[in-house]
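The structure appears right after this line, and notes come after that.
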Amino acid sequence: MYYFELDKDFGFNGEKHNFWEFLYVDKGEIEVFADGRRQLLKQGMIIFHKPNEFHEFYAAKGKAPNAIVMTFDCRSGAMNRFADKVFSLEDEERNLLAQMIKEGENAFIFPFRH
């Protein structure tokens with residue numbers, strides 16, 4: 001679980017791993033590349049990366065974005081519904097994410113604060 005306050009020139013050159021990950025844009029815009037697909041995520045949008053999907057992301061339009069990244073393992077076939085998908089979250093869902101970050105900060109020492 002990470003909350004990133006990124007700079008306007010931020011770029012992450014990518015990775016892949018054997019677990020799920022999602023990226024939520026809390027502020028600004030982020031350009032995401034995943035297995036050759038390009039997606040522009042605006043504030044309030046979330047993308048899911050399935051296991052072993054190569055993904056990278058960059059600050060878009062020279063503005064400093066804030067993002068939440070969470071990784072998790074789930075072997076349920078129901079997760080396939082999220083593969084290759086981008087969603088816009090509603091207020092209730094955004095509030096749940098904010099609560100998760102708050103609880104995470106209370107429980108863990110975050111390894112990164114950009």
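All of the numbers you see were taken from the coordinates with simple rules; none came from a lab. Note that the structure is predicted; figures quoted are calculated from it, not measured. All Cβ positions, glycine included, derive from the backbone under ideal geometry; neighbour counts span all protein chains shown.
Summary of computed values
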item	result
Net dipole in debye of the chain [+1 Lys, Arg Cβ; -1 Asp, Glu Cβ; about Cα centre; nearest 20]	220
Length-normalised contact order for the chain - Cα pairs under 8 Å, 6+ apart - percent	37
Residue range of the chain that is longest and free of trypsin sites (Lys or Arg not before Pro) which are both DSSP loop and sparsely packed (at most 15 other C-beta within 10 Å)	17-60
Region 14-114: GluC sites (Glu not before Pro) in DSSP coil with no more than 11 other Cβ atoms inside 10 Å	Glu90
Globularity index of region 16-114, i.e. its alpha-carbon radius of gyration over 2.2 N^0.38 Å	1.07
In region 9-114, chymotrypsin sites (Phe, Trp or Tyr not before Pro) in a DSSP loop with at most 13 other beta-carbon atoms within 10 Å	Phe19, Phe54, Phe108, Phe112
Charge sum, other residues only, whose C-beta stays under 12 Å from Asp35's C-beta, Lys/Arg counted +1 and Asp/Glu -1	+1
